[in-house]
Each structure stands twice: as structure tokens, then as C-alpha cells.
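Asker: Okay, handing you the structure first.
Throughout, read-outs are computed from the coordinates displayed, never taken from laboratory work. These numbers come from a predicted model, not from an experiment. Cβ atoms come from the backbone with ideal geometry, glycine included; neighbour counts cover every protein chain shown.
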């Protein structure tokens, strides 16, 4: 028989539910993600920039690799093409990114930052460390380093678990934190 929530009042029910969920990593990860996104949006909105964290990463990658192909960018971010389109849409609409067909292969779209995109990427690069330091203020430098290492380890384990579920669908992707070659392969 499950707990009788009404017996000890709403506070007892809330405590019971909190205890029930406290050992579920996914719920905590989702909570931290929500806090991260809310903090990011407020932080950058106050600085006149309306981009998501992924869009900020896209700006940084395109700035580093002008004429990066959309397919290579999707691989670097480890996302599917339709997701990339949703991410790029607002950046194109705001005039931060320009898309053009490759002169070498007309089937390929290459991406380049506009002047406004260069300024936005510079703001993301300058402000992201401050945003993260503010958000993670309760962690010491050593704890933050450990936290990031544990995140990397958890991500690697999650990717291995997903790959093990369907070995036939394994695709070669480039980790988002990998250092791409000076001239990423345009596919």
C-alpha cells in the first residue's frame, strides 16, 4: 500500500515526494538544466543578447571556423540536422549568421558570422565564465573542476548506454569538446 498523503497534511506529503525523488539523477539534472537556462536567459538578456546556450556555442564555433558546413556543425554539436535548423533559425533571423552555398559543392551550405554575429560571439565568450561562476557560486574551484569531470564521465556513460541499446545505429560523431582540425571536413 502506498503512502497516505492526506494523513499528515500537505507539508508531510511534499516532504515524502521530495524524498521519493531525491535519488533520481534525471530529476536533479533536469532541475539544474532549468536553472541554468533561466539564469542564462536573464544574464544575456540584460546584456542585450537573446540566444540560447546552444546558439551561443554555435556562434563560437562559426567564429572559430568560418565557412563551417551545416553538417559538420551538427556533428560537432552532436545533434540531428532538424535540431540544427531550429537552432540556426533565430540566429539567421537576428542577422548573426549568414548561410551560403559552397562554391566547391553546391549541395553544401556554409555558415559565416555577420559583424553583429562576431559581436554576439565575443559577448558570449566574455560573459559565459561570469554567468557560470554566478550560477555555480556555491562550488569551490576544486568542486567545480570535479563537477565538470563527473559530468563528462556521466555523459560518456550515457552515450555508451545509448549505443549499447542499438549497436546497429552507431554513428561517428565528434565530441562537442573535441578540438576540430583547423579546417573541419565539409560534408
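Asker: Mind giving me the FRET efficiency for residue 39 and residue 83? R0 is 22 Å, r the Cβ-Cβ distance, nearest 0.05 is fine.
Answerer: Working: r = 23 Å, r/R0 = 1.03.
That gives a FRET efficiency of 0.45.
Asker: Take residue 54, project a point 7 Å from its Cα along the Cβ direction, then tell me which residues of the stretch 86-114 have their backbone nitrogen under 20 Å from it.
Answerer: 86-99, 109-113
Asker: So for 96, 109, fewest C-beta neighbours within 10 Å to most, what's the order? Walk me through the numbers on the way to the answer.
Answerer: Numbers: 96 24, 109 16.
Fewest to most other Cβ atoms nearby, the residues stand as 109, 96.
Asker: Also, quick follow-up: Give the shape of the stretch 51-164 as rounded, prolate or oblate, defined through the alpha-carbon gyration tensor: a ≥ b ≥ c are the square roots of its eigenvalues, a/c under 1.5 means rounded, and otherwise the shape is prolate if a/b is larger than b/c and oblate if not. Could the numbers behind the result be given before it?
Answerer: Working: a/c = 2.79, a/b = 1.43, b/c = 1.95.
Taking the square roots of the gyration eigenvalues as a ≥ b ≥ c, the stretch 51-164 is oblate.
Asker: Let me ask another. Pull out the extension gain between residue 165 and residue 93, defined as 0.36 nm times the separation in residues minus the alpha carbon to alpha carbon distance; nm, one decimal. Write down the numbers at each step before the final one.
Answerer: Values: separation 72, 0.36 × 72 = 25.92 nm, distance 3.82 nm.
Roughly 22.1 nm would be gained on extension.
Asker: Once you sort the root eigenvalues of the Cα gyration tensor of the stretch 16-68 as a ≥ b ≥ c, which label holds: rounded (a/c under 1.5), prolate (a/b larger than b/c) or oblate (the other case)?
Answerer: Values: a/c = 6.73, a/b = 2.17, b/c = 3.10.
Here the stretch 16-68 falls in the oblate category.
Asker: On to the next question. In which sequence would 110, 132, 22 go, from the one with the fewest C-beta neighbours within 10 Å to the one with the most? Mind showing how you got there, number by number?
Answerer: Values: 110 22, 132 17, 22 9.
Ascending number of Cβ neighbours within 10 Å: 22, 132, 110.
Asker: Let me ask another. When only Cα pairs under 8 Å and 6 or more residues apart are kept, what is the percent relative contact order across the stretch 51-164? Mind dumping the intermediate values first?
Answerer: Working: 88 pairs, mean separation 29.2, N = 114.
Across the stretch 51-164, relative contact order equals 26 percent.
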